[in-house]
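A short write-up of the structure that comes next.
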Amino acid sequence: MLVKTKPLESPASIELTPMIDMVFLLLIFFLVATSFHQEEREIQIALPTAQSAAPISVALREIVINVDERGGLIVGGRQIELEDLQTLVSEATTVNPEQKVTVRGDRRTAYDNVVRVLDVCKGAGVQEPYLDTVLAE
């Protein structure tokens, strides 16, 4: 009598190719969907250091006001005057009463320049303007 034997089956294996394809597709999706709007933070401002600085929470449509070494104001990558800043912040708080504003003052600028910007923000209705600093190492 002849006994038929079954051919040896190969052990079960997991195909990694579809999983790797999905990871790359997700990576491409998140790279395309992410906003790289950082021009306000790329301006060369030497921020002062602080012992207990908090991380910046970037909110949607946050206004970032840079005060350079000479007291000039830069918003959205362009130089503006104090009166224009008043108008800009007033219009933003009219549309959104919870408008977030970050003031980034160069460490070499006179403190008076930063205080003027903070006064404009408070006068325009910003509840709590955030003063940006760098955490000391």
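Give the range 86-137 a look and list any residue that's basic (Lys, Arg) and either under 15 Å from Val64 (Cα atoms) or not in a loop (DSSP other than H, G, I, E, B) (or both), or say none.
The answer is Lys100, Arg104, Arg116, Lys122.
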Candidates Leu73, Leu131 - the one that is touching a residue at least 24 places away in the same chain (Cβ under 8 Å), surrounded by fewer than 18 Cβ atoms within 10 Å (Cβ to Cβ) and in contact with a strand residue (DSSP E or B) (Cβ under 7 Å, 6 or more places away or on another chain)
Leu131
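Throughout, read-outs are computed from the coordinates displayed, never taken from laboratory work. Quick caveat: nothing in here was measured; it's all calculated off a predicted structure. No Cβ is skipped: glycine too gets one built from the backbone with ideal geometry, and neighbour counts run over all protein chains shown.
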